[in-house]
Amino acid sequence: MKPDLMNSDSHEPARRMIALSGPEGVSGGRPSPAEESWLAAHLDSCPPCRDFAENSREAVRALRGIPISAGASLVATTQLRVRQRALQLQRRQERLWVICVCCAAVTLCTAVTTVVLWRGFAWLGERWLSAQWMSQAQFSEPFWQVAFVVFSLMPAVLAGILLLARGTSLADHHGSYQD
């Protein structure tokens, strides 16, 4: 807010700046150094605005001096809501932890099953092709590749689904994983 110095009525911007100033200010920001210096110069030369500033300071001091106490029901309700929010945040953190553990387990399961299935499919392919009764049933290379991908991913996907379902079930039925 830049005060209009050319305006003959400079009291309004000064009073607005006084009303909005303070440790936190209504607008959430402090005046710029140029605005502060303009206000200081204006208050030096304008007794009505200086009185307004002093009265404002006194009113704020008086309001801060009034003790405000909350009723027992307000305190109890606030404590209950704070506890509920803390529990909600704890459950969210626990669910995130379960998801991380599940991702690690699925990754490990995928690595193990990939190695085992690779060797299993190699062995099966050698046996399949060497068997005389199967020599007429030729499977193409893409068939073996697709079969390998499907069988290598299936255990990991199933393990992930089961682990996530188990973690969600624990949180929903018991309220917390630590109970």
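Please state which of the following conditions Ser37 fails to meet, knowing it meets all the rest: (1) in a helix (DSSP H, G or I); (2) surrounded by fewer than 10 Cβ atoms within 10 Å (Cβ to Cβ); (3) hydroxyl-bearing (Ser, Thr, Tyr).
Checking Ser37 against (1) in a helix (DSSP H, G or I); (2) surrounded by fewer than 10 Cβ atoms within 10 Å (Cβ to Cβ); (3) hydroxyl-bearing (Ser, Thr, Tyr), the one that fails is (2).
What's the number of the condition Val98 fails, among (1) surrounded by fewer than 10 Cβ atoms within 10 Å (Cβ to Cβ); (2) under 30 Å from Phe151 (Cβ atoms); (3) of a type in the set (A, V, I, L, M)?
Of (1) surrounded by fewer than 10 Cβ atoms within 10 Å (Cβ to Cβ); (2) under 30 Å from Phe151 (Cβ atoms); (3) of a type in the set (A, V, I, L, M), only one is false for Val98: (1).
Each reported figure results from applying straightforward, stated rules to the coordinates on display, with no laboratory input. Keep in mind the model is a prediction, meaning the values are calculated, not measured. Cβ coordinates were reconstructed from backbone atoms using ideal geometry, including for glycine residues, and neighbour counts include every protein chain displayed.
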